[in-house]
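The values are calculated or read from the model by the stated rules, or taken from the named source; none is laboratory data. It should be emphasised that the depicted structure is a prediction, and the values quoted were computed from it without experimental measurement. A quick note on method: Cβ atoms are made from the backbone with ideal geometry, for glycine too, and the neighbour counts reach across all protein chains shown.
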Amino acid sequence: MGDFLKIDDVLSHLKIKGNEKAAEFGCGSADFSLTLAKRLPKGMVYALDVQEERLSALAHKLSHGDIKNVSAVLTDLEAPNGSGLKDNSLNMVLIPNLLFYAKEKSVIIAEAKRVLKNGGQMLLVDRLKKDIFAPKAELVDVGKIKEAIGNFGFVPKKEFSAGDYHFALLFTKKADKVSTS
């Protein structure tokens, strides 16, 4: 049996000191948030989702465990400024298995850019076309998404496998140009 999604391996591609602030956009079961929180003992992870029942399940997990640096946030990431987080406040944004569901992909990418600090890391994980469990019509094209994200001012750093049915793209946010006039 192959590996469906290797979260620890995926997160090993991030540059982590341990005190960063991060967000998982569309956290679902929050597997990425919980795993990342263990790597950020002096940091904070915001687990964002539009589904209240997902966040309730996360709150239950958090109340029965030893992870204290995860905050569950009910939000609509397809709305402008949807995360509710401050501008330039995060070191990392993770977007796992969200874009193929989303109708407003560009709004989600714009929100990641808004909340990331200059030089911050954005990690996108999504399903490959060979994923027999994913709806084919909704899957993102790797080339098109790389181009679209580049148009938002992100610099591609790595492209790698995230398991047998997923790809991962790591970007950094370019510094915003400051007007000298």
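Looking at Phe4, Phe32, Phe100, which one is crowded, with 18+ Cβ neighbours inside 10 Å, closer than 26 Å to Val142 by Cα and of a type outside the set (A, V, I, L, M)?
Residue meeting the stated conditions: Phe32.
Yes/no per residue for (1) free of Cβ contacts under 8 Å to residues at least 12 places away in the same chain; (2) in contact with a strand residue (DSSP E or B) (Cβ under 7 Å, 6 or more places away or on another chain):
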position	(1), (2)
Ser29	no, no
Val45	no, yes
Asn69	no, yes
Glu78	no, no
Gly84	yes, yes
Ala112	no, yes
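Consider Val107 carefully, then state whether it is among the β-branched types (Val, Ile, Thr) and crowded, with 18+ Cβ neighbours inside 10 Å.
Judged against the criteria, Val107 is not a match.
Can you tell me which residue in segment 15-29 is surrounded by the fewest Cβ atoms within 10 Å (Cβ to Cβ), limited to those that are touching a helix residue (DSSP H, G or I) at 6+ places or on another chain (Cβ under 8 Å) and not small (Gly, Ala, Ser)?
The residue in question is Ile16.
Results for (1) touching a Ser or Thr at 6+ places or on another chain (Cβ under 7 Å); (2) at pLDDT 95 or above, shown as yes or no for each residue.
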residue: Ser89; (1), (2): no, yes
residue: Asn97; (1), (2): no, no
residue: Tyr101; (1), (2): no, no
residue: Lys157; (1), (2): yes, yes
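Restricting attention to segment 19-29, which residues are more than 11 Å from the chain's Cα centre (by Cα) and at pLDDT 95 or above?
Listed by number, the residues that qualify are Asn19, Glu20, Lys21.
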